[in-house]
1. Using alpha carbons only, how many degrees (0 to 90, rounded to 10) separate the axis of helix 106-119 from the longest principal axis of the chain?
2. Let me know the shape class of the chain, please: from the alpha-carbon gyration tensor, a ≥ b ≥ c as square roots of the eigenvalues, rounded when a/c is under 1.5, otherwise prolate if a/b is greater than b/c, or oblate.
3. Excluding ligands, DNA and RNA, what is the solvent-accessible area per residue of the chain at a probe of 1.4 Å, expressed in Å²?
4. Highest GNM mean-square fluctuation, the chain, Cα pairs closer than 10 Å: which of Asp52, Asp87, Asp110?
5. Share of the stretch 1-107's accessible area from carbon and sulfur, percent, 1.4 Å?
6. For every other residue with a beta carbon closer than 14 angstrom to the beta carbon of Asp83, add +1 if it is Lys or Arg and -1 if Asp or Glu, then tell me the sum.
7. By its C-alpha gyration tensor, with a ≥ b ≥ c as the square roots of the eigenvalues, how is the stretch 38-114 shaped: rounded for a/c under 1.5, else prolate for a/b larger than b/c, else oblate?
8. Size of the dipole of the chain about the Cα centre, Lys and Arg at +1 and Asp and Glu at -1 on the beta carbon, nothing else charged, in debye to 20?
Amino acid sequence: MLVEVKVKVSRIVEGKTKKLSETYILNKEFFAQAEYDVQSLITRDVEVGTVDTFEIQSIKISQIKELAYNQQGETTFIATLKDVQLDEKGNEKALRYKVLLWADSLTQADRRAHDLAREGYDMTVEGIKQVDYIYLTEIEETEETNE
């Protein structure tokens, strides 16, 4: 399951402390695993002097249901896709779900979202929003643990 961990961080940037709110996305089975991984990552930043203080604010199951297979791009976006289906009575029922994708611009994100929508049958792109999410992959977590 995809888990969101929100953290308040005091990062040291160019000698000045900036208070930020960061959101991490992890694919974990338990909240404790997600919390541990994020805490370990930020603790390393404290040890090297790029973070002054941090506090984990919340941990929850993400509304994001899928990660785009192509993780190329500098910016993260959430695309809301809508799939219209017929129920047993013949009434239309709209199902919406959110996909996290990467792109270098809103135009490129829109194109990628429409590509994803075409993979479904009657899917449309209902919206795209730029977000500042950090996705921690298993590889990054393993490499950082081994350093």
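1. On a 0 to 90 degree scale, this one is about 50.
2. Prolate, since a/c reaches 1.5 and a/b exceeds b/c.
3. It amounts to 65 Å² per residue over the chain.
4. Asp87
5. For the stretch 1-107, the apolar C and S fraction of the accessible surface comes to 47 percent.
6. 0
7. Oblate shape, in that a/c is at least 1.5 and b/c is the bigger or equal ratio.
8. Magnitude of the dipole: close to 660 debye.
The values are calculated or read from the model by the stated rules, or taken from the named source; none is laboratory data. These numbers come from a predicted model, not from an experiment. A quick note on method: Cβ atoms are made from the backbone with ideal geometry, for glycine too, and the neighbour counts reach across all protein chains shown. Note: areas computed on protein heavy atoms with side chains; ligands, DNA, RNA excluded. Shrake-Rupley method; radii C 1.70, N 1.55, O 1.52, S 1.80 Å.
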